[in-house]
Amino acid sequence: MLSEQNYIKGNIIPVCIILAVVLIGYHKIFLGYNFWTYIDTLGNSSWAYGNSLGNGWRPDKGFGISFFYSDPGAWHPWSLRVFWMKLISSRALAYSTFVIFHSTLVAITMFFFLKKIVPTLNPIVSSLLCPLIVFAPGMDSIYFESRTSVSLAVIPLMLMVFYEYYKNPKLLHFFLVSLIFWYNLFFGYFLTWSVLPSIGLTFTIIYSIYYKRPFLKLLLRYILLFSIGSLVALLLGSWEMYSIF
(Lines give C-alpha, C1' and ligand atoms only; values in the text may rest on other atoms or scores of the structure.)
Protein backbone atom coordinates (compact mmCIF):
# COMPACT_ATOMS: atom_id res chain seq x y z
CA MET A 1 0.00 0.00 0.00
CA LEU A 2 2.84 2.34 0.87
CA SER A 3 4.63 1.74 -2.44
CA GLU A 4 1.38 2.39 -4.31
CA GLN A 5 0.94 5.68 -2.47
CA ASN A 6 4.54 6.64 -3.27
CA TYR A 7 3.98 5.82 -6.94
CA ILE A 8 0.86 7.99 -7.08
CA LYS A 9 2.58 10.85 -5.27
CA GLY A 10 5.75 10.54 -7.33
CA ASN A 11 4.22 10.07 -10.80
CA ILE A 12 0.43 10.34 -11.17
CA ILE A 13 -0.05 13.54 -9.18
CA PRO A 14 2.88 15.38 -10.88
CA VAL A 15 1.60 14.39 -14.34
CA CYS A 16 -1.86 15.72 -13.45
CA ILE A 17 -0.27 18.95 -12.21
CA ILE A 18 1.69 19.29 -15.47
CA LEU A 19 -1.48 18.81 -17.51
CA ALA A 20 -3.31 21.40 -15.41
CA VAL A 21 -0.50 23.96 -15.80
CA VAL A 22 -0.39 23.51 -19.58
CA LEU A 23 -4.16 23.86 -19.89
CA ILE A 24 -4.15 26.96 -17.69
CA GLY A 25 -1.33 28.41 -19.79
CA TYR A 26 -3.37 27.81 -22.94
CA HIS A 27 -6.67 28.86 -21.38
CA LYS A 28 -7.43 31.22 -24.28
CA ILE A 29 -8.08 28.16 -26.44
CA PHE A 30 -11.31 27.72 -24.47
CA LEU A 31 -12.25 31.32 -25.26
CA GLY A 32 -12.13 30.81 -29.02
CA TYR A 33 -8.47 31.55 -29.75
CA ASN A 34 -6.28 29.25 -31.86
CA PHE A 35 -2.65 28.73 -32.87
CA TRP A 36 -2.93 29.97 -36.43
CA THR A 37 -0.63 32.87 -35.61
CA TYR A 38 1.61 32.84 -38.65
CA ILE A 39 0.55 32.71 -42.28
CA ASP A 40 3.05 29.99 -43.27
CA THR A 41 1.54 27.53 -40.80
CA LEU A 42 -1.96 28.00 -42.17
CA GLY A 43 -0.68 28.07 -45.75
CA ASN A 44 1.23 24.81 -45.39
CA SER A 45 -1.82 23.21 -43.83
CA SER A 46 -3.90 24.28 -46.82
CA TRP A 47 -1.58 22.39 -49.15
CA ALA A 48 -2.04 19.19 -47.19
CA TYR A 49 -5.70 19.59 -46.31
CA GLY A 50 -6.84 19.72 -49.90
CA ASN A 51 -7.52 22.69 -52.18
CA SER A 52 -7.06 23.93 -55.73
CA LEU A 53 -3.28 23.82 -55.34
CA GLY A 54 -3.32 20.06 -55.84
CA ASN A 55 -3.41 18.71 -52.29
CA GLY A 56 0.34 18.99 -51.95
CA TRP A 57 1.22 16.93 -55.03
CA ARG A 58 2.89 18.13 -58.21
CA PRO A 59 1.00 16.61 -61.16
CA ASP A 60 3.37 18.39 -63.53
CA LYS A 61 6.21 16.33 -62.04
CA GLY A 62 4.47 12.98 -62.24
CA PHE A 63 2.68 10.64 -59.87
CA GLY A 64 4.19 10.31 -56.42
CA ILE A 65 6.22 13.53 -56.47
CA SER A 66 5.48 15.59 -53.38
CA PHE A 67 5.55 19.34 -52.88
CA PHE A 68 7.06 18.80 -49.42
CA TYR A 69 10.71 18.17 -50.10
CA SER A 70 13.43 17.70 -47.45
CA ASP A 71 11.28 17.75 -44.29
CA PRO A 72 8.83 14.88 -43.68
CA GLY A 73 7.67 16.67 -40.52
CA ALA A 74 5.97 19.29 -42.70
CA TRP A 75 2.36 19.09 -43.84
CA HIS A 76 2.73 16.04 -46.03
CA PRO A 77 -0.65 14.89 -47.43
CA TRP A 78 -0.16 11.38 -46.05
CA SER A 79 1.23 12.31 -42.63
CA LEU A 80 -0.42 11.31 -39.36
CA ARG A 81 -0.80 14.99 -38.54
CA VAL A 82 -2.95 15.52 -41.63
CA PHE A 83 -4.88 12.34 -40.84
CA TRP A 84 -5.72 13.79 -37.42
CA MET A 85 -6.70 17.09 -39.01
CA LYS A 86 -9.15 15.32 -41.29
CA LEU A 87 -10.74 13.35 -38.44
CA ILE A 88 -11.92 16.56 -36.77
CA SER A 89 -14.23 18.90 -38.65
CA SER A 90 -12.59 22.06 -37.27
CA ARG A 91 -9.03 22.54 -38.52
CA ALA A 92 -8.35 25.13 -35.80
CA LEU A 93 -9.50 22.73 -33.07
CA ALA A 94 -7.50 19.84 -34.54
CA TYR A 95 -4.31 21.89 -34.70
CA SER A 96 -4.85 23.29 -31.20
CA THR A 97 -5.26 19.82 -29.69
CA PHE A 98 -2.15 18.73 -31.60
CA VAL A 99 -0.13 21.57 -30.06
CA ILE A 100 -1.49 21.02 -26.54
CA PHE A 101 -0.75 17.30 -26.71
CA HIS A 102 2.87 17.84 -27.75
CA SER A 103 3.36 20.65 -25.23
CA THR A 104 2.14 18.36 -22.45
CA LEU A 105 4.41 15.59 -23.73
CA VAL A 106 7.44 17.92 -23.57
CA ALA A 107 6.71 18.83 -19.95
CA ILE A 108 6.16 15.21 -18.92
CA THR A 109 9.34 14.13 -20.71
CA MET A 110 11.35 16.81 -18.93
CA PHE A 111 9.80 15.75 -15.61
CA PHE A 112 10.97 12.14 -15.92
CA PHE A 113 14.35 13.28 -17.27
CA LEU A 114 14.88 15.45 -14.16
CA LYS A 115 13.64 12.62 -11.99
CA LYS A 116 16.33 10.35 -13.39
CA ILE A 117 19.26 12.78 -13.20
CA VAL A 118 18.17 14.53 -9.95
CA PRO A 119 16.26 11.86 -7.99
CA THR A 120 16.29 13.95 -4.81
CA LEU A 121 14.30 16.78 -6.40
CA ASN A 122 10.79 17.09 -4.99
CA PRO A 123 8.38 15.74 -7.68
CA ILE A 124 5.78 18.42 -6.95
CA VAL A 125 8.37 21.16 -7.44
CA SER A 126 9.64 19.69 -10.72
CA SER A 127 6.06 19.20 -11.96
CA LEU A 128 5.53 22.94 -11.53
CA LEU A 129 8.86 23.84 -13.18
CA CYS A 130 8.80 21.51 -16.20
CA PRO A 131 5.71 23.00 -17.93
CA LEU A 132 7.41 26.41 -17.96
CA ILE A 133 9.61 25.29 -20.86
CA VAL A 134 6.49 25.24 -23.02
CA PHE A 135 5.96 28.96 -22.43
CA ALA A 136 9.57 29.98 -23.00
CA PRO A 137 10.30 32.75 -25.54
CA GLY A 138 9.98 31.37 -29.03
CA MET A 139 7.54 28.63 -28.10
CA ASP A 140 4.55 30.95 -28.40
CA SER A 141 6.02 33.47 -30.84
CA ILE A 142 4.50 34.53 -34.16
CA TYR A 143 5.99 31.41 -35.70
CA PHE A 144 4.44 28.96 -33.27
CA GLU A 145 4.76 25.41 -34.53
CA SER A 146 4.00 22.17 -32.74
CA ARG A 147 7.14 20.77 -34.36
CA THR A 148 9.23 22.93 -32.01
CA SER A 149 7.78 21.17 -28.97
CA VAL A 150 8.36 17.80 -30.63
CA SER A 151 12.07 18.52 -30.84
CA LEU A 152 12.22 19.47 -27.16
CA ALA A 153 10.74 16.11 -26.18
CA VAL A 154 13.07 14.00 -28.30
CA ILE A 155 16.46 14.81 -26.75
CA PRO A 156 15.61 13.87 -23.11
CA LEU A 157 13.91 10.67 -24.31
CA MET A 158 16.94 9.73 -26.41
CA LEU A 159 19.40 10.38 -23.60
CA MET A 160 17.36 8.32 -21.12
CA VAL A 161 17.39 5.36 -23.53
CA PHE A 162 21.13 5.76 -24.13
CA TYR A 163 21.74 5.81 -20.38
CA GLU A 164 19.88 2.53 -19.83
CA TYR A 165 21.42 1.04 -22.97
CA TYR A 166 24.98 1.66 -21.78
CA LYS A 167 24.16 0.20 -18.36
CA ASN A 168 22.54 -2.97 -19.68
CA PRO A 169 22.03 -3.30 -23.48
CA LYS A 170 18.72 -4.85 -24.50
CA LEU A 171 16.86 -5.35 -27.74
CA LEU A 172 14.12 -3.10 -26.32
CA HIS A 173 16.47 -0.10 -26.53
CA PHE A 174 16.73 -0.46 -30.32
CA PHE A 175 12.95 -0.49 -30.56
CA LEU A 176 12.60 2.59 -28.34
CA VAL A 177 15.26 4.60 -30.18
CA SER A 178 13.64 3.72 -33.51
CA LEU A 179 10.29 5.06 -32.28
CA ILE A 180 11.91 8.22 -30.91
CA PHE A 181 13.72 8.92 -34.20
CA TRP A 182 10.56 8.21 -36.19
CA TYR A 183 8.61 10.55 -33.94
CA ASN A 184 11.15 13.34 -34.44
CA LEU A 185 11.45 12.83 -38.20
CA PHE A 186 7.75 12.68 -38.98
CA PHE A 187 6.33 15.08 -36.38
CA GLY A 188 9.24 17.46 -35.83
CA TYR A 189 12.11 18.92 -37.85
CA PHE A 190 14.62 17.04 -39.97
CA LEU A 191 17.12 19.72 -38.90
CA THR A 192 16.84 18.76 -35.22
CA TRP A 193 17.13 15.08 -36.05
CA SER A 194 20.36 15.85 -37.92
CA VAL A 195 21.99 17.22 -34.74
CA LEU A 196 21.05 14.19 -32.63
CA PRO A 197 24.24 12.29 -33.63
CA SER A 198 26.47 14.99 -32.12
CA ILE A 199 24.34 15.16 -28.96
CA GLY A 200 24.46 11.39 -28.60
CA LEU A 201 28.21 11.31 -29.15
CA THR A 202 28.77 14.04 -26.54
CA PHE A 203 26.66 12.08 -24.05
CA THR A 204 28.68 8.93 -24.83
CA ILE A 205 31.96 10.72 -24.11
CA ILE A 206 30.67 12.17 -20.84
CA TYR A 207 29.24 8.78 -19.80
CA SER A 208 32.55 7.08 -20.54
CA ILE A 209 34.52 9.60 -18.48
CA TYR A 210 32.08 9.76 -15.56
CA TYR A 211 31.59 5.99 -15.17
CA LYS A 212 35.16 5.13 -16.27
CA ARG A 213 33.98 2.84 -19.06
CA PRO A 214 36.10 2.04 -22.18
CA PHE A 215 35.18 4.68 -24.75
CA LEU A 216 35.75 2.58 -27.88
CA LYS A 217 33.38 -0.10 -26.62
CA LEU A 218 30.70 2.49 -25.89
CA LEU A 219 31.34 4.17 -29.25
CA LEU A 220 30.69 0.92 -31.13
CA ARG A 221 27.49 0.43 -29.15
CA TYR A 222 26.47 3.99 -29.91
CA ILE A 223 27.09 3.64 -33.66
CA LEU A 224 25.16 0.36 -33.74
CA LEU A 225 22.18 1.78 -31.83
CA PHE A 226 22.02 5.02 -33.77
CA SER A 227 22.45 3.38 -37.18
CA ILE A 228 19.81 0.69 -36.65
CA GLY A 229 17.46 3.18 -34.99
CA SER A 230 17.73 5.58 -37.93
CA LEU A 231 17.21 2.84 -40.51
CA VAL A 232 14.13 1.46 -38.76
CA ALA A 233 12.74 5.01 -38.35
CA LEU A 234 12.99 5.55 -42.12
CA LEU A 235 11.30 2.21 -42.77
CA LEU A 236 8.50 3.07 -40.33
CA GLY A 237 7.83 6.25 -42.30
CA SER A 238 8.40 4.82 -45.75
CA TRP A 239 4.77 5.33 -46.81
CA GLU A 240 5.44 9.07 -46.57
CA MET A 241 9.19 9.26 -47.01
CA TYR A 242 9.33 7.62 -50.44
CA SER A 243 8.04 10.75 -52.18
CA ILE A 244 10.85 12.80 -50.63
CA PHE A 245 13.44 10.27 -51.82
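The values are calculated or read from the model by the stated rules, or taken from the named source; none is laboratory data. Owing to the predicted nature of the structure, the values given are computational and were not obtained by experimental measurement. All accessible areas refer to the heavy atoms of the entire protein, side chains included, with ligands and DNA or RNA removed. Shrake-Rupley method; radii C 1.70, N 1.55, O 1.52, S 1.80 Å.
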| Using a cut-off of 26 Å between alpha-carbon atoms, which lysines can reach Lys217, once sequence neighbours fewer than 8 places away in the same chain are excluded? | Lys116, Lys167, Lys170
| said: Which order do you get for Phe101, Phe111 if you rank them by accessible area with a 1.4 Å probe, largest at the top? | reply: Phe101, Phe111
